[in-house]
1. From the list Thr155, Thr127, which residue is closer than 23 Å to Ala58 by Cβ, among the polar types (S, T, N, Q) and modelled with pLDDT of 95 or more?
2. Looking at the stretch 254-273, which of the residues that are exposed (fewer than 10 other Cβ atoms within 10 Å of the Cβ) and of a type in the set (A, V, I, L, M, F, W, C) is nearest to Leu197 (Cα to Cα)?
3. List every residue pair whose Cβ atoms lie under 7 Å apart, where the two residues are 6 or more positions apart in sequence or sit on different chains, the first residue falls within the stretch 248-267 and is assigned to a helix (DSSP H, G or I), and the second residue, located anywhere, is surrounded by 10 or more Cβ atoms within 10 Å (Cβ to Cβ).
4. Name, by its number, the condition in (1) of a type in the set (D, E, K, R); (2) outside any helix (DSSP H, G or I); (3) surrounded by fewer than 17 Cβ atoms within 10 Å (Cβ to Cβ) that does not hold for Glu158.
5. Determine which member of the set Phe23, Phe105, Phe27 is surrounded by 20 or more Cβ atoms within 10 Å (Cβ to Cβ) and either at pLDDT 95 or above or among the aromatic types (Phe, Trp, Tyr) (or both).
6. Within 18 Å of Val131 (Cα to Cα) and either at pLDDT 95 or above or buried (at least 19 other Cβ atoms within 10 Å of the Cβ) (or both), is that true of Val82?
7. Does any residue in the stretch 50-78 that is farther than 19 Å from Asp102 by Cα come within less than 8 Å, Cβ to Cβ, of a residue that is acidic (Asp, Glu) and part of a helix (DSSP H, G or I) six or more places away or on a different chain, and which pairs are these?
8. Please name all residue pairs, on different chains or six or more residues apart, with Cβ atoms under 9 Å, provided the first residue is in the stretch 201-218 and is closer than 30 Å to Arg162 by Cβ and touching a residue at least 60 places away in the same chain (Cβ under 8 Å) and the second residue is polar (S, T, N, Q) and in a loop (DSSP other than H, G, I, E, B).
Amino acid sequence: MSDVKRIANQIGFEDVNPEYAAFVEKFKPRKTTDDCYTPEPIFGVVKEYVMERYGIKAEDILRPFWPGEDYRRRDYPKDCCVVDNPPFSIITQIVKDYLAHDICFFLFAPSLTNFSICRDEATHIITNCRVTYENGAEVATSFVTNMEPDVAARTDPELARRISEADEENSSPTKRPALPKYEYPQHIVTAAKLGYLAGKGIEHTILKQDVQWVSSLDSMRAKGKVIFGGGFLLSEKAAAEKAAAEKAAAEKAAAEAAHVWELSDREWEIVRQLPRKEAE
């Protein structure tokens, strides 16, 4: 038993959460595998990434979220790492359970509300990829993990690129729901902002020591407004680094907007043979 972890309170989650029971029941007739929600090409990309970045062995990767089963009743071997797409409606409780029992995890998570998942207790990996799941839902997806204990949040454009390529065949153009357009001071960062940086290929990391989770600013609270999905209040250093990352993203966006024609090898050869004009 010393090499196996179990989550306390071993009761069926569906017994105490009617919404979860209904969710599970909905899939029982037609979903019978552990890949109920995530298309295999997408999961394969994420699994390979976790193995590469964190040195996790394939045999130690665990997927406990089967339809009709309770993740709390699973045995968690000492060296296991949970890599899976949990029900988003209870993801905060799942992360709390794994943190409390020191179970290694790398979980799919909704992108826009990513920061609200255990706030600064976990690490938020922002990719903001549109993933088409097996039930047809298209969700902006990022990740949450406990394998980078010093990091509060970071972008990962390389993981975003891999997932987008794997999802390309399943994706279809959809219109995202319109959200209020708010501008925040430089000392606030949201999952949406990091998603923008990831989309522009900008790597950016924010350490836990430099953040304080906030649900709203005082100026917003007075008007009954909140930061959608929550955000992090940044230290002076982290705010300056974020500003630099945003500048790099803006410069990249500007460069992408203008097509630059390149000289051919033949034309470069002509340039090299041109006489240099003497300064008058």
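The values are calculated or read from the model by the stated rules, or taken from the named source; none is laboratory data. The structure displayed is predicted, hence computed values, not measured ones. Please note: Cβ atoms are built from the backbone with ideal geometry, for glycine as well, and neighbour counts cover all protein chains shown.
1. Values: Thr155 fails: closer than 23 Å to Ala58 by Cβ.
Just a single option satisfies the conditions, and that option is Thr127.
2. Per the stated criteria, the residue is Ala254.
3. That search, which allows pairs on different chains as well, returns Ala248/Ile202; Ala249/Tyr196; Ala249/Leu197; Ala249/Lys200; Ala249/Ile202; Lys252/Lys200; Lys252/Gly201; Ala253/Lys200.
4. (2)
5. After applying the criteria, what remains is Phe105.
6. On the way: within 18 Å of Val131 (Cα to Cα): no; either at pLDDT 95 or above or buried (at least 19 other Cβ atoms within 10 Å of the Cβ) (or both): yes.
It is false that Val82 is within 18 Å of Val131 (Cα to Cα) and either at pLDDT 95 or above or buried (at least 19 other Cβ atoms within 10 Å of the Cβ) (or both).
7. The qualifying pairs are Gly68/Glu25.
8. Every condition considered, the pairs that remain are Val211/Ser235.
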